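S.K.: This is the structure I have questions about; it appears just below.
A short reminder: the numbers here are calculations on the coordinates, not readings from a lab. Not measured: the values here are computed from a predicted model. Glycine gets a Cβ as well: all are built from the backbone with ideal geometry, and neighbour counts include every protein chain shown.
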């Protein structure tokens, strides 16, 4: 009888070990492009004007890893602001000339420096906060962005203030150039977001949801 019990315990232990091994073999990989979008505001009623950047260079810290932190923290993005795209050529040209060209560099650079997950909720998207160091107009600021991960898509959203980047010259310039269109008011806060696909690879468990 003792031998039977001992054998049963050994089988259970081996099964648990195999399960842990299967979980540890699962790796994450960021695949495809990183898409960056933004929304600025005009007029006293704070009407939104949104766009993207067509030229975004993403450099991952690692191609694969065990968790979000290992593949995202340390990764960098360089945005060519001359590639701004609002689906309106005239507006794009105005933004480049009267806003982005008023800054010290045509690029906006960013680096992911931290990521903290919220408590997991069953059957709900994974959420948390990712912190980005954003460098614009030769000024670097840490920007917290709330992230959500569901069905392979990682999306982060946050807000920056143009004045935090010593860019009052650029803000005044675009406000003057678009004074009538903006009814004399161009807001300094801008909503920013980015998204990228993350896949589970070499994984013996169920796909991430």
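S.K.: Could you please rank 73, 130, placing first whichever residue has the fewest other Cβ atoms within 10 Å of its Cβ?
M.R.: Listed from fewest to most nearby Cβ atoms, that is 73, 130.
S.K.: With each pseudo-label sitting 7 Å past Cα toward Cβ, what's the residue 69-residue 159 distance in nm, one decimal?
M.R.: 2.9
S.K.: Want the number for residue 55 to residue 142: 0.36 nm per residue separation, take away the alpha-carbon distance, what's left?
M.R.: Here the answer is 29.1 nm.
S.K.: Related question: Report the Stokes-Einstein translational diffusion coefficient (µm² s⁻¹, integer) for the stretch 115-154, Rh taken as the Kirkwood radius over Cα pairs, at 4 °C with viscosity 1.567 mPa s.
M.R.: Answer, rounded: 112 µm²/s.
S.K.: Okay, moving on. Please check which bits of the stretch 85-109 a label hung off residue 35 would reach, taking the label as a point 7 Å along Cα-to-C-beta and the cut-off as backbone N under 19 Å.
M.R.: In the stretch 85-109, the label zone of residue 35 (backbone N under 19 Å from the point 7 Å along Cα→Cβ) covers 85-88.
S.K.: Expressed as a fraction of 2.2 N^0.38 Å, the rule-of-thumb size for a compact globular protein of N residues, what is the C-alpha radius of gyration of the stretch 2-201?
M.R.: Here the Cα radius of gyration is 1.37 times the empirical estimate.
S.K.: For a quick protection proxy, order the peptides 91-100, 120-129, 174-183 by their average other-Cβ count within 10 Å, most packed first.
M.R.: Per-residue mean Cβ counts within 10 Å order the peptides as 91-100, 174-183, 120-129.
S.K.: Pull out the extension gain between residue 168 and residue 105, defined as 0.36 nm times the separation in residues minus the alpha carbon to alpha carbon distance; nm, one decimal.
M.R.: Extra length available between residue 168 and residue 105 comes to 21.2 nm.
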